[in-house]
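Trainee: Dropping the structure in here first, questions after.
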Amino acid sequence: MVNQSDCTVYGFNSLLLPSFFFNLKRNFQFILIIFFICIGIGLSNAQINIPPTLTAVGDQPYCPGNSISIATSLTIVDPDDTGIEAMYVQISSGYEQNDDLLTLMGSHPTIISEWNNSTGKLKLSGISGGNVLYSEFIAAVLDVQFSTTNTESINDRAFSITIGDANYLPLTDHFYEFVPSLGITWTNARTEAAGRTYFGLKGYLATITSAEEAQLSGEQASGAGWIGGSDAQTEGVWKWVTGPEAGTIFWNGLWNGSTPNYANWNYNEPNQAGDEDYAHITAPNIGKRGAWNDLTNTGATSGDYQPKGYIVEYGGSVGDPILNISASTVIRIPNITNTISNERCGNGTVDLEATSDFGTIYWYDALNGGNLVGTGTTFTTPDIANTTTYYVSTSIAGCTTGERTPVSATIYEIPTIIQTSGSIICHNGTGDIYATPSSSGIINWFDSPTGGVTLSTGNAFTTGPLISTTYFYAEVSTNNCTNPIRESVEVTVNAPMAPTGNQNQTFCEFDNPTIASLTATGNNILWYDAAIGGNLLLTSDLLLNGKNYYASQNDGVCESFDRLEVSVTLFDMVTPTNITPLIACDNTSFGTDYDGIIRFNLTEKAIELLNGKNPSDFSISYFTDSVYINQIPENSIPINGNDITSYFNDPSLNDSYGEQNIFVKIANINDSNCFSENSFKLKVNSLPSINPSPFILEQCDDDFDGFNTFNLTEINTEIVTNITTEVFSYFEANIDALNNSNAIIDPINYTNEIANIDNSIWVRVENENGCFRVSQFELVVKPSAIPTSFLETFYNCDDGQDTNDGIATFDFSSVTAQIEAIFPVNVDVHYYQNEADATSEINEIIDPSSYQNIDSPGMQEIWVRADSSLGNDCLGNGHHATLIVEPVPQFDVIPEATVCLNLPPITLETLNPSGAFNYEWTDANGDLISTEPNALVTSGGVYTVIASYTTSSGNTCISDPRTVTVSESNIASISYEDITITDDSDNNTVHINNENENLGIGDYEFSLDDEFGPFQDESIFEMVAPGIHTIYVRDKNNCGIASLEISVVGFPKFFTPNYDGVNDTWKILGINENFYPTSLIYIYDRFGKILAKIDPKSEGWDGFYNGKLLPSDDYWFGVLLVDKDGNTRERKGNFSMIRR
């Protein structure tokens, strides 16, 4: 039975009717029954349930580390009730989660307590679930104790005591409630919040204007959800759009913007990540607990950014009743509000000060533990020599657990000057002096040791102009501490004179005199290029002839104004160069032409020795030794027949190269000490060594006319036994040989001038030194003894790397024995490619048993020469062998082919044959498969073909083998096991698995929905639209195209039933009678009511329910997809119906 009190519990009284209508949606059938009963009771009784009034006392000081009752007294006045089901005590301000705790102490047999660490709230309720007397609740509340594990906490705590479960904040006198509603939109949340009431207070989406409000409504709320902020009106301008603060701007910009009052955005929020115009308290596991983020009106469909409900704030609206259903108390932790540190110079006592908001002030000498050294707002330290930190805290009733605040007694050291630096002034001017303090002190400068006026401040001081040595004084101070003793700093004035020395100084040019070579008497001499000013010269600078230089001296700091002038003269010298040797061939000017001694004129080297200098400026002396003792006399005073114009070299003085060195001094006639040295070599070259004549060179006459061609160079080895570097030239007259003129131009192909008579030739033999001798030999022509009818012909097939180049390998060595049989004496048989080579005996064919006619493709004549084994006598010479190359078969094949295993055999062909041939086709095993020009094959492998024919000479010429590599391929074999589909995603993909050739052995390419392409090598397709598709797999070797129909499932996010032919129905894409034919698809509203069941083969849902067109809203679906094999897929989600 339902009575008036039950109606009050359910909210059906005159103050709570709006709450009823809101809750009507939640539990329709049950609430509807209660509603009509309660309306009847209410109308008949016309009774109003008056809410109770709560009053609490309990503002108390708190000693951290202890427990304390949250209230000292509590009264509840209720004119029409004596009890209630539950009461709530919450830490409404300053709550520190996981540290703070509310505990029900004492014995309360009718009441149970339930602590919520997230909200900081303690619920008190009856054990049986019914009403509990107010008196019992009052006793329980007074036994609720607060404690915290954070003993260093300095924050006050506010407590709310209320009869409702909504969070109460005394600071605003408002209530805050989290209403769970998974997936609710912001606009719906605003509507529902505005329809809620709490003890007659109007609800609205929470507007949060302080940190305390943010903590209670966010961190301490039982869930995260929508709040009343939005920038939908103006992007980037965030306003509160609900409740009494509607229209108040609280943020401008994105995450890096600013607030004119208060905002509590989470990290990197708001970020406008896709039309996000509504404020939302972020899930507690993301970023800062209780902070905000921006979302779209709907938020995400799942996860942390899916709205889980909304926060309702009650209070402050126009027309709200005045309620006292909550009371509040505060515990206060005494704190130090201000401290004043102090300082002094040097040892002594220091006065320190501190103030607190209440309590007694204690002074300690340590942050923790230590000694109590004083009490009260002031404390005078004992004598201290160093800066010391003391610690102050405030206490009530002897509580000493409060936080200690440091207060510093600073001792400043009296500074000293640890270093000074004076200055030296040259002649006159200002000086820069310095002083360095012992710490970061300030230096003041004076002109007297005491008193006086400060001249300058700073470590550095530049004096005024000075002409004599002067003292200044430095005083140091820091932190208002001044050292009474001043340090003196000296400024010294120096004025050195000019140096002295020889003003005319001479040097030899080749000594490369430098500034360092100049001499002057004085200290730290400096040299310049001008008497006044000018450039300072480096000691490494070279002196210049005829130039004046100027010297000053320096006493280590100051340089003289006046300078010594020095004039420099440099005597010219000859620069030595490499002198070429004085060389001549051995002659009879002394002794024989092979004794190595001849006459030299040494003055032939004078011009070269002077190296371009004027001979009248220098004298030249010649010596036989490197120490310049044994001088060769001038030609006016010969010694032992020797003088410088007629000097006989001395072989005893030769070096290891057989050369004598002559040493030379070249002196300037103005100063003999200015000389340079040089040397050159005397060398006598030997004449070449030749054998004594006579010499004879014979040649065969193959046409019996008495003339023939000679290779004159064949005589060289007879004239010179061991030829090294000798050069031979040939002449028809002795005088030409001596003068090296009119030489025979082509000695290798020289024809005798007179028939049947010996011809004389003179040869000039010249060695590498240009020295020569001349000898003579005779040319003799004899008839050939080999019959002209002797001729052998050899045939062979074209061979080698190129069997079509007319080149073959021949063995014609059998001719040697036939030629040897012609002569009664031993002969040497030689072979040549032509008559000229045979006559000149050059370019001989070395191996007649393996010879290739490279220089004469197709056919070549071979010249045979027979010489006596006893000498170089020619016995026979002529064309006595012919080589003929027979061609091998030539033809082409296509080197690669592909056989499709799913198609008929292919034909391998020979192409472009050069004649009629016999053929042999073999497979990779060497088995014969055809003797025709063509061959049929059904499988892959390497196939070989050769061609042959019989020549007119009886040879069988065989072609090189040609190969054809046949690859196998096949049409693809594709099934659903080869397909991986990723659908119902932001990037639907279709992947065809062709690893390990599971589609077949072919080379495949892929196309989607078009048999004619385009095709691609990649076996994956991305961004595939939901629906039914066909995969085409084409073999690149033309073995065919395979296809497979697939399904890519997709769930549309919206549809627009406006009958324009586009998106008029909502249906799942990618299913039909072939795919998932027995699937189950249901449509629900947000309350879980089934609106439609869709046949997968139908056109989908049109937005109607029981013939009624439903409004634009979010709807839910549940799908069980069942394929032909009975495999299932389940999916739940939501979509929007948009009416336009």
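Trainee: Please pick out the residue among THR329, THR296, THR339 that is without any contact (Cβ under 8 Å) to a residue 24 or more places away in the chain and in contact with an Asp or Glu (Cβ under 8 Å, 6 or more places away or on another chain). Steps first, please.
Mentor: Details: THR329 fails: without any contact (Cβ under 8 Å) to a residue 24 or more places away in the chain; THR339 fails: without any contact (Cβ under 8 Å) to a residue 24 or more places away in the chain.
Answer to the check: THR296.
Trainee: Looking only at strands (runs of 3 or more DSSP E) that lie completely in the stretch 208-258, which have at least 3 residues being touching a strand residue (DSSP E or B) at 6+ places or on another chain (Cβ under 9 Å) and crowded, with 17+ Cβ neighbours inside 10 Å?
Mentor: Working: elements: 226-230, 237-240, 248-252.
Strands (runs of 3 or more DSSP E) meeting the threshold: 226-230, 237-240.
Trainee: Taking GLY287 as the residue in question, decide whether it is surrounded by fewer than 18 Cβ atoms within 10 Å (Cβ to Cβ) and more than 53 Å from the chain's Cα centre (by Cα). Don't jump to the end; show me each part of the working.
Mentor: Numbers: surrounded by fewer than 18 Cβ atoms within 10 Å (Cβ to Cβ): yes; more than 53 Å from the chain's Cα centre (by Cα): no.
Against the criterion (surrounded by fewer than 18 Cβ atoms within 10 Å (Cβ to Cβ) and more than 53 Å from the chain's Cα centre (by Cα)), GLY287 does not qualify.
Trainee: What is the number of the single condition among (1) surrounded by 15 or more Cβ atoms within 10 Å (Cβ to Cβ); (2) under 16 Å from THR301 (Cβ atoms) that ARG1131 does not meet?
Mentor: Only one criterion in (1) surrounded by 15 or more Cβ atoms within 10 Å (Cβ to Cβ); (2) under 16 Å from THR301 (Cβ atoms) is unmet by ARG1131, namely (1).
Trainee: Read through the list (1) touching a Lys or Arg at 6+ places or on another chain (Cβ under 8 Å); (2) more than 24 Å from ARG332 (Cβ to Cβ); (3) surrounded by 15 or more Cβ atoms within 10 Å (Cβ to Cβ), then give the number of the only condition that PHE178 fails.
Mentor: (1)
Trainee: Hey, can you tell me all the residues within the stretch 857-887 that are outside any strand (DSSP E or B) and modelled with pLDDT under 90? Step through it out loud before you land on a result.
Mentor: Initially, the stretch 857-887 is screened for residues outside any strand (DSSP E or B), giving 857-858, 869-873, 887.
Within the stretch 857-887, GLY858, SER869, LEU870, GLY871, ASN872, ASP873 qualify.
Trainee: Do we have any residue at all in the stretch 858-872 that's touching a Lys or Arg at 6+ places or on another chain (Cβ under 8 Å) and outside the structural domain of THR963 (by TED's automatic domain parsing)? Before you say what the answer is, go through the steps one by one.
Mentor: To start, the set of residues in the stretch 858-872 that are touching a Lys or Arg at 6+ places or on another chain (Cβ under 8 Å) comprises none.
No; the residues of the stretch 858-872 include none that is touching a Lys or Arg at 6+ places or on another chain (Cβ under 8 Å) and outside the structural domain of THR963 (by TED's automatic domain parsing).
Trainee: Find the residue count for the stretch 411-457, including only residues that are in a loop (DSSP other than H, G, I, E, B) and either in contact (Cβ under 8 Å) with a residue 60 or more places away in the chain or on the phi < 0 side of the Ramachandran plot (or both). Spell out the reasoning first.
Mentor: Here is the first cut: in the stretch 411-457, the residues in a loop (DSSP other than H, G, I, E, B) are 413-416, 422, 427-428, 430-431, 438-441, 447-455.
Going one step further and asking which of them are either in contact (Cβ under 8 Å) with a residue 60 or more places away in the chain or on the phi < 0 side of the Ramachandran plot (or both), we end up with 413-416, 422, 427-428, 430-431, 438-441, 447-450, 453-455.
Counting residues in the stretch 411-457 that are in a loop (DSSP other than H, G, I, E, B) and either in contact (Cβ under 8 Å) with a residue 60 or more places away in the chain or on the phi < 0 side of the Ramachandran plot (or both) gives 20.
Trainee: Tally the residues that are crowded, with 16+ Cβ neighbours inside 10 Å and either among the acidic types (Asp, Glu) or more than 60 Å from the chain's Cα centre (by Cα) (or both), restricting the search to the stretch 378-426.
Mentor: The qualifying residues number 7.
Trainee: In the stretch 735-803, which strands (runs of 3 or more DSSP E) lie fully inside it and hold 2 or more residues that are more than 16 Å from PHE707 (Cα to Cα), in the same structural domain as GLY878 (by TED's automatic domain parsing) and modelled with pLDDT of 90 or more? Steps first, please.
Mentor: Values: elements: 759-766, 772-783, 792-797.
The strands (runs of 3 or more DSSP E) meeting that bar are 792-797.
Trainee: Determine whether the stretch 651-664 contains at least one residue that is without any contact (Cβ under 8 Å) to a residue 40 or more places away in the chain, in contact with a Phe, Trp or Tyr (Cβ under 8 Å, 6 or more places away or on another chain) and not in a helix (DSSP H, G or I). Lay out the reasoning, then the answer.
Mentor: The initial filter retains those residues of the stretch 651-664 that are without any contact (Cβ under 8 Å) to a residue 40 or more places away in the chain, namely 652-657, 660-661.
Checking the rest, the ones that are also in contact with a Phe, Trp or Tyr (Cβ under 8 Å, 6 or more places away or on another chain) come to 661.
In the following step, the residues that additionally are not in a helix (DSSP H, G or I) were identified as 661.
Checked the stretch 651-664: at least one residue is without any contact (Cβ under 8 Å) to a residue 40 or more places away in the chain, in contact with a Phe, Trp or Tyr (Cβ under 8 Å, 6 or more places away or on another chain) and not in a helix (DSSP H, G or I).
Trainee: Moving on to the next point. Mind checking which residues of the stretch 988-1016 are surrounded by 13 or more Cβ atoms within 10 Å (Cβ to Cβ) and polar (S, T, N, Q)?
Mentor: Listed by number, the residues that qualify are ASN988, THR989, ASN993, ASN994, ASN998, SER1007.
Trainee: Just to be sure, is PRO913 assigned to a loop (DSSP other than H, G, I, E, B), closer than 27 Å to THR951 by Cβ, in contact (Cβ under 8 Å) with a residue 24 or more places away in the chain and touching a strand residue (DSSP E or B) at 6+ places or on another chain (Cβ under 6 Å)?
Mentor: Numbers: assigned to a loop (DSSP other than H, G, I, E, B): yes; closer than 27 Å to THR951 by Cβ: yes; in contact (Cβ under 8 Å) with a residue 24 or more places away in the chain: yes; touching a strand residue (DSSP E or B) at 6+ places or on another chain (Cβ under 6 Å): no.
Against the criterion (assigned to a loop (DSSP other than H, G, I, E, B), closer than 27 Å to THR951 by Cβ, in contact (Cβ under 8 Å) with a residue 24 or more places away in the chain and touching a strand residue (DSSP E or B) at 6+ places or on another chain (Cβ under 6 Å)), PRO913 does not qualify.
Trainee: A further question on this structure: From the list ALA354, ALA366, which residue is among the aliphatic types (A, V, I, L, M), surrounded by fewer than 13 Cβ atoms within 10 Å (Cβ to Cβ) and either within 57 Å of the chain's Cα centre (by Cα) or outside the structural domain of SER222 (by TED's automatic domain parsing) (or both)? Don't jump to the end; show me each part of the working.
Mentor: On the way: ALA354 fails: surrounded by fewer than 13 Cβ atoms within 10 Å (Cβ to Cβ).
So the residue among ALA354, ALA366 that is among the aliphatic types (A, V, I, L, M), surrounded by fewer than 13 Cβ atoms within 10 Å (Cβ to Cβ) and either within 57 Å of the chain's Cα centre (by Cα) or outside the structural domain of SER222 (by TED's automatic domain parsing) (or both) is ALA366.
Trainee: Just to check your reading of the model, which residue among PRO321, PRO334, PRO284 is at negative phi, modelled with pLDDT of 90 or more and either in contact with a Cys (Cβ under 7 Å, 6 or more places away or on another chain) or not small (Gly, Ala, Ser) (or both)? I'd like the intermediate steps shown before the answer.
Mentor: Values: PRO334 fails: modelled with pLDDT of 90 or more; PRO284 fails: modelled with pLDDT of 90 or more.
Of PRO321, PRO334, PRO284, the one residue that is at negative phi, modelled with pLDDT of 90 or more and either in contact with a Cys (Cβ under 7 Å, 6 or more places away or on another chain) or not small (Gly, Ala, Ser) (or both) is PRO321.
Trainee: Looking only at residues in the stretch 1102-1140 that are in contact (Cβ under 8 Å) with a residue 24 or more places away in the chain and among the polar types (S, T, N, Q), which one is nearest to GLU1073 (Cα to Cα)? Give the steps one after another, and end with the answer.
Mentor: So the first thing to find is which residues in the stretch 1102-1140 are in contact (Cβ under 8 Å) with a residue 24 or more places away in the chain, and the list is 1102-1103, 1109-1124, 1129, 1131, 1133-1140.
Subset that is among the polar types (S, T, N, Q): 1112, 1134, 1136.
Details: SER1112: 31, ASN1134: 24, SER1136: 26 Å.
So the residue we want is ASN1134.
Trainee: Return the residues of the stretch 1091-1111 that are over 28 Å from ILE1028 (Cβ atoms) and of a type outside the set (Ser, Thr, Tyr); say none if nothing qualifies. Before you say what the answer is, go through the steps one by one.
Mentor: So in the stretch 1091-1111, the residues over 28 Å from ILE1028 (Cβ atoms) come out as 1105-1111.
Scanning the stretch 1091-1111 gives ASN1106, GLY1107, LYS1108, LEU1109, LEU1110, PRO1111.
Trainee: Within the stretch 1077-1098, can you find the residues that are assigned to a loop (DSSP other than H, G, I, E, B) and over 22 Å from THR1128 (Cα atoms)? I'd like the intermediate steps shown before the answer.
Mentor: Kept after step one, since they are assigned to a loop (DSSP other than H, G, I, E, B), are these residues of the stretch 1077-1098: 1077-1079, 1085-1089, 1095-1098.
ASP1085, ARG1086, PHE1087, GLY1088, LYS1089, listed by residue number.
Trainee: Now, a different point. ASN49: closer than 25 Å to GLY203 by Cα, modelled with pLDDT under 90 and exposed (fewer than 12 other Cβ atoms within 10 Å of the Cβ), yes or no?
Mentor: no
Trainee: So, one more: Taking the residues in the stretch 113-137 that are farther than 24 Å from LEU216 by Cα and aliphatic (A, V, I, L, M) as candidates, determine which candidate is surrounded by the most Cβ atoms within 10 Å (Cβ to Cβ).
Mentor: Result: VAL132.
Trainee: Now for a different question. For the condition touching a residue at least 12 places away in the same chain (Cβ under 8 Å) and over 60 Å from the mean Cα position of the chain (by Cα), what is the one hit in SER953, SER959, SER969, SER973? So that I can check it myself, show each step before the final result.
Mentor: On the way: SER959 fails: over 60 Å from the mean Cα position of the chain (by Cα); SER969 fails: over 60 Å from the mean Cα position of the chain (by Cα); SER973 fails: over 60 Å from the mean Cα position of the chain (by Cα).
Being touching a residue at least 12 places away in the same chain (Cβ under 8 Å) and over 60 Å from the mean Cα position of the chain (by Cα) holds for just one of SER953, SER959, SER969, SER973, which is SER953.
Trainee: Also, I was wondering about something else. Would you pick out the residues in the stretch 1103-1121 that are surrounded by fewer than 17 Cβ atoms within 10 Å (Cβ to Cβ) and either part of a loop (DSSP other than H, G, I, E, B) or among the hydrophobic types (A, V, I, L, M, F, W, C) (or both)? Break it down stepwise before answering.
Mentor: We begin by selecting, within the stretch 1103-1121, every residue surrounded by fewer than 17 Cβ atoms within 10 Å (Cβ to Cβ); these are 1104-1109, 1111-1113, 1118, 1120.
PHE1104, ASN1106, GLY1107, LEU1109, PRO1111, SER1112, LEU1120, listed by residue number.
Trainee: Considering the stretch 818-858 alone, what residues qualify as being closer than 19 Å to SER784 by Cβ and among the small types (Gly, Ala, Ser)?
Mentor: ALA821, ALA836, ALA838, SER840
Trainee: Among (1) part of a loop (DSSP other than H, G, I, E, B); (2) closer than 27 Å to PRO694 by Cβ; (3) of a type in the set (Phe, Trp, Tyr), which single condition is TYR730 missing?
Mentor: (1)
Trainee: Being closer than 30 Å to PRO244 by Cα and either at pLDDT below 90 or among the aliphatic types (A, V, I, L, M) (or both) narrows it down to one of ALA71, ALA140, ALA166, so name that one. Full working, then the answer.
Mentor: Details: ALA71 fails: closer than 30 Å to PRO244 by Cα; ALA140 fails: closer than 30 Å to PRO244 by Cα.
That would be ALA166, the only listed residue that is closer than 30 Å to PRO244 by Cα and either at pLDDT below 90 or among the aliphatic types (A, V, I, L, M) (or both).
The values are calculated or read from the model by the stated rules, or taken from the named source; none is laboratory data. Everything numeric in this text was worked out from a predicted model, so none of it was measured. In this analysis, Cβ positions are derived from the backbone assuming ideal geometry, glycine residues included, and neighbour counts consider all displayed protein chains.
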